[in-house]
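Q: Before anything else, here's the structure in question.
The values are calculated or read from the model by the stated rules, or taken from the named source; none is laboratory data. What you see is a predicted model, and the numbers here were worked out from it, not measured in a lab. Quick reminder, even Gly has a Cβ in these numbers, built from the backbone with ideal geometry, and neighbours come from all protein chains shown.
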Amino acid sequence: MPQSMQATCVPGKHARALVSHAYASTLAIVEEKREFINAMADLLLEKEVIGLDDIEGLLGPRPFASTGELRNIDRYRKHNPGGDQDGSKKGGQGSKRKKGARKPVGS
């Protein structure tokens with residue numbers, strides 16, 4: 001094989017290896033988090049629209065605190081205190097949930 005063809009094959013092989021590794025990593029994460037994914041899918045089927053409170057109800061509080069620069073979640077909370085993503089306030093239509101219907105996954 002000419003050297004120029006070998007040079008063009010190397011990046012292709014490297015790219016395939018990167019994509020293959022990324023796919024395997026993604027698949028492992030999905031398998032690891034399947035319980036959370038299924039719980040969120042069930043909640044979406046039940047409510048059709050879920051908000052930040054619903055997601056935190058499933059996953060629990062964020063595992064790390066924001067420091068320094070505001071992140072999108074911090075900006076959202078700053079401009080929508082006590083509100084769900086659908087614009088409702090706590091206790092409004094968007095955040096009602098049957099008592100005891102759902103506990104955080106993994107509790």
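Q: Could you go through the stretch 23-43 and let me know if any residue there is assigned by TED's automatic domain parsing to the domain that holds Asn80, surrounded by fewer than 12 Cβ atoms within 10 Å (Cβ to Cβ) and at positive phi.
A: No, the conditions are met nowhere in the stretch 23-43.
Q: Identify the single condition in (1) part of a loop (DSSP other than H, G, I, E, B); (2) more than 21 Å from Asn80 (Cα to Cα) that Ala41 does not satisfy, given that it satisfies every other one.
A: All conditions pass for Ala41, except number (1).
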